[in-house]
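I have placed the structure first, in the form of structure tokens, so that the comments after it can refer back to it.
The values are calculated or read from the model by the stated rules, or taken from the named source; none is laboratory data. From a predicted model like this one, the values you see are computed outputs, not experimental measurements. Cβ coordinates were reconstructed from backbone atoms using ideal geometry, including for glycine residues, and neighbour counts include every protein chain displayed. Accessible surface areas use protein heavy atoms only, side chains included; no ligands, DNA or RNA. Shrake-Rupley method; radii C 1.70, N 1.55, O 1.52, S 1.80 Å.
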Amino acid sequence: MKALKMTRYGDIDSSLEFQSAEVPTPKAGEVLLRVHAASINPVDNMMLRGELKSVRKEVFPVGIGRDVSGEVVAVGNNVAGYSVGDLVFSRVGEDHVGTIAEYLTVSVSHLAAKPKNLSHSEAAGIPLVGLTSYQSLIKVAGLKSGEKVLIHAGSGGVGSMAIQLAKSVGAYVVTTTSSANVEWVKALGADLVIDYKKDDYRQLLSDMDVVFDTLGGQYALDAFQVLKTGGRVVSVKGALDPQTAKELGLGWLLRKLVALKSRKLMKAAKGKSALYRMVIMEANGEQLNELGDLYQQKILSPVIDKVYPLEQGKDALSYLASGRAKGKVIVSMNDPISNK
Ligand SMILES: NC(=O)c1ccc[n+]([C@@H]2O[C@H](COP(=O)([O-])OP(=O)(O)OC[C@H]3O[C@@H](n4cnc5c(N)ncnc54)[C@H](OP(=O)(O)O)[C@@H]3O)[C@@H](O)[C@H]2O)c1
């Protein structure tokens, strides 16, 4: 089978190549998928640049891509609930990374039934950003109906999903984007869109219940300027916080480092009696099934920017790396490609 493989750390041109590989055999608790579509995420480019070295040890060549939609073609031992012919989607576990390939094994604990009303390309764009938004807004921030939430970068893969999820629980959604995307983001359901090229959101907002920071750096710290007392800031890009470090099981020395790096954020949070948490999303088939139901009920809609054929998988990674994607970037293996 054909698979896009990373041969060393570096850039897209020098470190990625298509290789022939053996079709893998599913182990106990796994299924083999014939991949129809995959989506890529900034974490894939981070892995390529070697930015995940401290948490992942690569044995090259290694596959790339974490989101997939496809068909079960073989089943390992001890697999209940899935059989050959099932159409499924997944954010695969870190030990199965490599969705830009014709076949892939996936742990059943990370699988969910593909929403019937979506194409594979549409479904492949959901898992990582969907689980990130769900775990950040619903599980950690506990966003509720009637609350005001600021979601940064509403036009990105995460933002375009988070806007819809926040609206689905009845929140009032404010988001930031550049001039060209204002109307497009409004159409996703945002109640107020702030054009960051023209306006400073810090001057326009106050008393937000929740800020969802997808940009990191100063954005995480500035979130407290617009937050109400007792509010919640959840970041997927800011500094790791001590509680998350503890839950991740980091050792004493690393936890000291985390405490040092997050001290300004934790001080700002304390000053507002607020919560600050950094979320590192986790693959989770059960939560993905819940999200799949929301797509089936048409409460959420897929947001695709571009679909690339498998042979142009490297171009897909380059496009995402530009930082200008509007929604999700997809690589299709067997799905009809329709770029509107
Ligand atoms: N911790 C985790 O588990 C986790 C999970 C998922 C993602 N993440 C991180 O979250 C970030 C977002 O991911 P993504 O998939 O949404 O990325 P993405 O799709 O590449 O985001 C691109 C979007 O960001 C917008 N943007 C860039 N700068 C902006 C700014 N200053 N203000 C407002 N919008 C801005 C762009 O809009 P314009 O073109 O209009 O500027 C573009 O639409 C990434 O850094 C990723 O690594 C972390």
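Of note:
- Residue check, E282 within 16 Å of the ligand (Cβ to nearest atom), loosely packed, with under 15 Cβ neighbours inside 10 Å and either modelled with pLDDT of 95 or more or farther than 17 Å from L128 by Cα (or both): yes
- Selection of region 81-99 for residues being assigned to a strand (DSSP E or B) and either open to solvent by 40 Å² or more (accessible area, probe 1.4 Å) or not assigned by TED's automatic domain parsing to the domain that holds L310 (or both) yields only L87.
- Selection status of D209, surrounded by 15 or more Cβ atoms within 10 Å (Cβ to Cβ) and closer than 16 Å to S155 by Cα: no
- Strands (runs of 3 or more DSSP E) lying entirely in region 272-340 (those with 1 or more residues that are within 30 Å of R232 (Cα to Cα) and hydroxyl-bearing (S, T, Y)): 275-278
- Among the residues listed as S133, S179, the single one being among the small types (G, A, S) and touching a Leu at 6+ places or on another chain (Cβ under 7 Å): S133
- Pairs, first polar (S, T, N, Q) in region 175-197, second loosely packed, with under 14 Cβ neighbours inside 10 Å, C-beta under 6 Å, six or more apart: S178/K197; S179/K197
- Taking each residue of region 30-46 that is free of Cβ contacts under 8 Å to residues at least 60 places away in the same chain and looking for partners that are open to solvent by 10 Å² or more (accessible area, probe 1.4 Å) and part of a loop (DSSP other than H, G, I, E, B) with beta-carbon atoms closer than 7 Å, six or more apart or interchain, yields M46/L52.
- Residue ID - surrounded by the fewest Cβ atoms within 10 Å (Cβ to Cβ), chosen from residues in region 165-179 that are under 18 Å from the mean Cα position of the chain (by Cα) and hydrophobic (A, V, I, L, M, F, W, C): L165
- Scope region 137-159; condition more than 8 Å from the ligand (Cβ to nearest atom) and part of a helix (DSSP H, G or I); matching residues: L137, I138, K139, V140
- Selected residue (only one of L300, L253, L294, L257 is in contact with a Leu (Cβ under 7 Å, 6 or more places away or on another chain), over 21 Å from R34 (Cα atoms) and away from the ligand (no atom under 16 Å from the Cβ)): L294
- Conditions (1) in a loop (DSSP other than H, G, I, E, B); (2) open to solvent by 50 Å² or more (accessible area, probe 1.4 Å); (3) at pLDDT 95 or above; number of the one not met by M266: (1)
- Within region 144-160, the set of residues being open to solvent by 10 Å² or more (accessible area, probe 1.4 Å) and not small (G, A, S) comprises K144, E147, K148, V158.
- Positions within region 50-60 being closer than 18 Å to S14 by Cβ and either over 18 Å from the mean Cα position of the chain (by Cα) or hydroxyl-bearing (S, T, Y) (or both), in sequence order: G50, K53, E58, F60
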